[in-house]
Each structure stands twice: as structure tokens, then as C-alpha cells.
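Read the structure below first, then the notes.
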Amino acid sequence: MELLARILHISPQTFWMIAKVIIVFAGPLTLAAILTWVERRGSAMIQDRIGPNRALLFGRWRLLGLPQLAADGIKFFMKEDLVAEEANNTLFWLAPLMAFVPAMMGFAVIPFGRDFTEAGRTYSLSLLDPGNGMGMLYPMAIGAVAVYGILTASWSSNNKWSILGGMRASAQMVSYEIGMSLAVIAIFMTTGGYDPHQIVAAQAKTWNVFPHIFGFLVFFTCMFAETNRLPFDFAEGESEIVAGFHTEYGSMKFALLQLSEYVHMVTAAALIVTLYFGGWQIPGMAHPPVLLSIGAFVVKWVFFCWVFIWIRWTIPRFRFDQLMFLGWKVMLPLSMGNLLVHAYFMHRWG
């Protein structure tokens with residue numbers, strides 16, 4: 001790193017910050033794009049069919065339909081961009097960005113590998129190092145802001161189906177957000193802080209998924225509602241409200257809304273790994289090599305991205321009243337009980 005920084009005539013700290021910005025933004029975005037292909041091939045595998053395999057590369061190489069990614073990008077760029085006559089033009093254009101940007105920003109505090117020291121300097125493998133500041137409260141807050149993109153898209157479209165999708169999304173968020181927050185607060189309490197590096201370090205011996213199993217079940221379930229994925233994709237609900245909040249969207253604005261869902265899913269998978277599955281920690285290795293720690297994080301991360309796809313094509317959509325019941329009468333009491341039990345044990349035995 002010192003050598004590369006000297007070649008570019010910048011300080012090592014500046015070089016490392018630029019490298020982290022590229023990794024943190026290009027990594028989730030690239031994985032999200034690949035997941036659109038994995039979703040199609042995975043759903044085909046689960047449903048015992050072929051999936052996309054007609055898009056070619058250089059006229060003859062199919063590569064299991066992987067060139068479909070390029071075909072999709074070209075298609076969205078070439079499609080005519082229509083805006084409904086009665087839509088609010090400014091907000092209609094702004095809504096996809098309001099959904100996409102928060103999804104991208106949530107990954108900034110996730111430590112994707114072990115900190116390392118070079119030439120007397122310590123380098124952190126996360127874009128932001130919040131320390132004793134907001135820490136893991138930051139991605140939780142940013143994730144909640146993404147619902148405003150959905151609400152803005154639905155209202156600005158001036159379409160009754162879109163507005164129904166937006167209202168569903170807002171009621172959905174109110175139903176699960178409290179239970180999800182209480183589940184995470186239990187981890188903050190037992191760890192003693194919000195710092196993601198501290199949370200990962202505290203899991204060196206035991207991953208949080210074991211002592212916080214009920215909190216994990218609540219948080220994991222809420223992540224499907226947070227990302228608007230089946231079985232909780234009520235904001236879209238194609239079989240009920242056409243396409244929900246993005247009914248009037250097409251071309252690259254529609255592509256950005258869809259990509260924001262996948263980026264949000266990628267961030268949610270990273271949060272699950274960091275909070276409950278040890279982050280970059282490897283069982284039996286107190287201080288794994290840096291590259292191995294990054295590899296461990298990536299393996300867990302990709303696995304949970306696949307779980308999101310797996311669940312989508314396995315469990316049918318809930319009814320909306322079932323989500324409300326689950327959020328208020330199951331997940332909220334469960335997360336509250338989990339918090340109180342851990343508070344009791346901490347008070348009793350420290």
C-alpha cells in the first residue's frame with residue numbers, strides 16, 4: 001500500500017480511503033447486479049425449469065445466461081422513458097434516488113475484514129469508523145429512510161394502485177420496526193456499545209446467533225419486510241395491486257428502483273452477518289490473516305444473499321393482516337422478552 005501511494009503521489013491514508021470508497025460502493029452494487037441473474041437461475045432451479053439462457057456473448061457463448069445482465073442494462077437504457085401525464089414530475093424523478101441512495105449508504109459502517117497494521121499505521125476495513133458515535137444505529141436509521149423513496153414514488157405517480165402500495169409500505173414499516181429495533185438493542189446491551197468493530201470482536205468465542213437466537217429470528221424475519229421481499233412484498237403485490245408503488249415506472253427509473261431492492265438485500269445480509277454471525281470472525285482462529293477474514297465475511301455474506309432468494313421462491317406471500325398480526329403480536333413480544341431476559345442475566349451475573 002505504501003508503494004502504491006508513493007506511485008500515485010498521495011498519502012497512504014488518502015489512498016486507503018479512496019480504495020475503501022471503491023470497494024464499499026462497487027462491491028455491493030456489483031453483487032446486487034449479479035444477484036438479479038442468480039435470482040432468475042435460482043428460481044428456475046427451485047421450480048425445475050431452465051431459466052434465462054438465450055442471451056449470448058460474442059454471438060455464441062451463453063455462459064448459463066450470464067450475458068443476461070448486459071442484455072438487461074442495454075434494454076433499460078434503450079426503452080422509452082414515459083411519465084404519466086398527471087404525475088408530479090419532480091418527485092417522480094427524485095423517488096428512485098431516494099430509494100437507491102439510502103440502500104447504498106447503509107453498508108458504509110460494516111467491517112468486511114480484520115483491521116491490519118502496516119508501517120506503523122492501523123487501517124480499518126470499513127468505510128466509516130464511527131467508534132463511540134452512532135455505530136450500528138447508522139445503517140438501521142438509513143434503512144428506515146428508504147421507505148420515503150417508496151412513498152414518494154407512490155404519491156408522485158398519481159395512480160391508485162401505486163398509492164395503495166405506498167400505504168402498505170408505511171403500515172408495514174410501523175409494524176415491524178419496533179420489534180426489529182428491540183432485537184438489535186439486546187445486542188448493543190450485551191456488547192456494551194454500538195461500534196460494529198466492537199460487536200464483531202465480542203463474537204470471537206461465541207456468535208450472537210446462539211445467545212440471541214430469538215432476537216435473530218425476529219431480526220431475520222424483519223429484514224424481509226425491510227427489503228420488500230417475499231413473503232412481505234406488499235408494496236408491490238403484483239397479484240393484487242398491479243405492480244404497487246412502481247406501476248407507472250419504466251426505463252432506467254424502474255431499473256434503479258429494482259436495483260435498490262437488491263442493494264438493500266445485500267446490505268441486510270451484511271447486517272445479519274455482522275450482528276449475529278461473527279462478521280469476519282472464523283471459529284477457532286482468534287486473529288485470522290486479513291485476506292482470510294475478508295474471505296470469511298464474503299462467504300457468509302453471499303450465503304445470506306442466497307437465503308433471501310431461496311425464501312422468496314419457497315414461501316408464498318402473506319396476507320397483509322397476517323403481517324400486522326405477526327409484527328405486533330408475535331415479533332414485538334418476542335423481541336421484548338429477549339431484551340428483558342438478557343437484561344436480567346446481565347444484572348444478575350454481570
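The values are calculated or read from the model by the stated rules, or taken from the named source; none is laboratory data. Worth saying up front: this structure is predicted, and the values here are computed from it rather than measured. Cβ placement follows ideal geometry from the backbone for every residue including glycine, while neighbour counts extend to all protein chains displayed.
Here is a list: Gly149, Gly165, Gly192. Which entry is buried (at least 24 other Cβ atoms within 10 Å of the Cβ), over 16 Å from Gly237 (Cβ atoms), of a type outside the set (D, E, K, R) and in contact with a helix residue (DSSP H, G or I) (Cβ under 9 Å, 6 or more places away or on another chain)?
Only one candidate passes the filter, namely Gly149.
With respect to Thr274, determine if the residue is assigned to a helix (DSSP H, G or I) and either within 23 Å of Gly215 (Cβ to Cβ) or of a type outside the set (Gly, Ala, Ser) (or both).
For Thr274, the condition - assigned to a helix (DSSP H, G or I) and either within 23 Å of Gly215 (Cβ to Cβ) or of a type outside the set (Gly, Ala, Ser) (or both) - is met.
Closer than 30 Å to Ala296 by Cα and at pLDDT 80 or above: does that describe Gly113?
yes
Name the one entry in Glu226, Glu238 that is of a type in the set (D, E, K, R) and either over 17 Å from the mean Cα position of the chain (by Cα) or modelled with pLDDT of 85 or more (or both).
That would be Glu238, the only listed residue that is of a type in the set (D, E, K, R) and either over 17 Å from the mean Cα position of the chain (by Cα) or modelled with pLDDT of 85 or more (or both).
So which helices (runs of 4 or more DSSP H) stay within the stretch 284-350 end to end and still have 3 or more residues that are farther than 23 Å from Gly179 by Cβ and not β-branched (Val, Ile, Thr)?
290-312
Check every one of the helices (runs of 4 or more DSSP H) wholly within the stretch 132-249 and list those with 2 or more residues that are of a type in the set (Phe, Trp, Tyr).
The helices (runs of 4 or more DSSP H) meeting that bar are 147-157, 160-191, 213-226.
Which ones in the stretch 92-120 are under 14 Å from Leu257 (Cα atoms) and not aromatic (Phe, Trp, Tyr)?
Residues satisfying the conditions are Leu94, Ala95, Pro96, Leu97, Met98, Ala99, Val101, Pro102, Ala103, Met104.
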